[in-house]
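Student: Would you mind keeping the following structure in view while I ask a few things?
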Amino acid sequence: MGNDENRNAGTSGPSTSVITKVKPKTKRPNLYRVLILNDDYTPMEFVVHVLEKFFQKDAEAATKIMLHVHHHGIGECGVFTYEIAETKVTQVMDFARKHQHPLQCVMEKK
């Protein structure tokens, strides 16, 4: 048995490997604000519906954001990673076009 131990004691055996754990420095993903822009044609009710449907806002929060968009020209729907923000912008724009509204939804780096 002593000979087996000596044979495995070489540098090629896994028993002599020293594994040091290097904690990878994980970088937080960039975040993007999804914004709705005001226009003179899209009904307020439609904007509220979009906020409820695509951003999971309750009626009160959706109305508050819609009024902010109405009075200030722009309003934030939420903050997301790039892929999610991009998807939400596409969903909102497609939904608005399908319902023949000129509603604009954009994203910007936070």
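Student: Here are some conditions: (1) in contact (Cβ under 8 Å) with a residue 24 or more places away in the chain; (2) surrounded by 14 or more Cβ atoms within 10 Å (Cβ to Cβ); (3) part of a helix (DSSP H, G or I). A62 meets all but one. Which one does it not meet?
Tutor: All conditions pass for A62, except number (1).
Student: Step by step: first the residues of region 8-33, then only those that are of a type in the set (A, V, I, L, M, F, W, C) and surrounded by 10 or more Cβ atoms within 10 Å (Cβ to Cβ), then the one that is modelled with the lowest pLDDT. Which residue is that?
Tutor: Of the residues in region 8-33, the ones of a type in the set (A, V, I, L, M, F, W, C) are 9, 18-19, 22, 31.
Filter again for surrounded by 10 or more Cβ atoms within 10 Å (Cβ to Cβ), leaving 9, 31.
Values: A9: 51, L31: 97.
For region 8-33, the residue satisfying everything is A9.
Student: Quick one: which of E5, E45, E52 is of a type outside the set (S, T, Y) and modelled with pLDDT under 95?
Tutor: On the way: E45 fails: modelled with pLDDT under 95; E52 fails: modelled with pLDDT under 95.
The conditions single out E5.
Student: Residue pairs, Cβ under 9 Å, 6 or more apart or interchain, first in region 86-105 and of a type in the set (G, A, S), second in a helix (DSSP H, G or I) and surrounded by 13 or more Cβ atoms within 10 Å (Cβ to Cβ). List them.
Tutor: A96/F46; A96/V50
Student: Mind listing just one residue for me: the one in region 23-41 that is among the polar types (S, T, N, Q) and in contact with a helix residue (DSSP H, G or I) (Cβ under 9 Å, 6 or more places away or on another chain) and, of those, nearest to P102 (Cα to Cα)?
Tutor: Step one: list which residues in region 23-41 are among the polar types (S, T, N, Q), which gives 26, 30, 38.
Checking the rest, the ones that are also in contact with a helix residue (DSSP H, G or I) (Cβ under 9 Å, 6 or more places away or on another chain) come to 30, 38.
Details: N30: 29, N38: 10 Å.
Filtering first and then ranking leaves N38.
The values are calculated or read from the model by the stated rules, or taken from the named source; none is laboratory data. What you see is a predicted model, and the numbers here were worked out from it, not measured in a lab. Ideal geometry is used to build each Cβ from the backbone, glycine not excepted, and the neighbour counts take in all protein chains shown.
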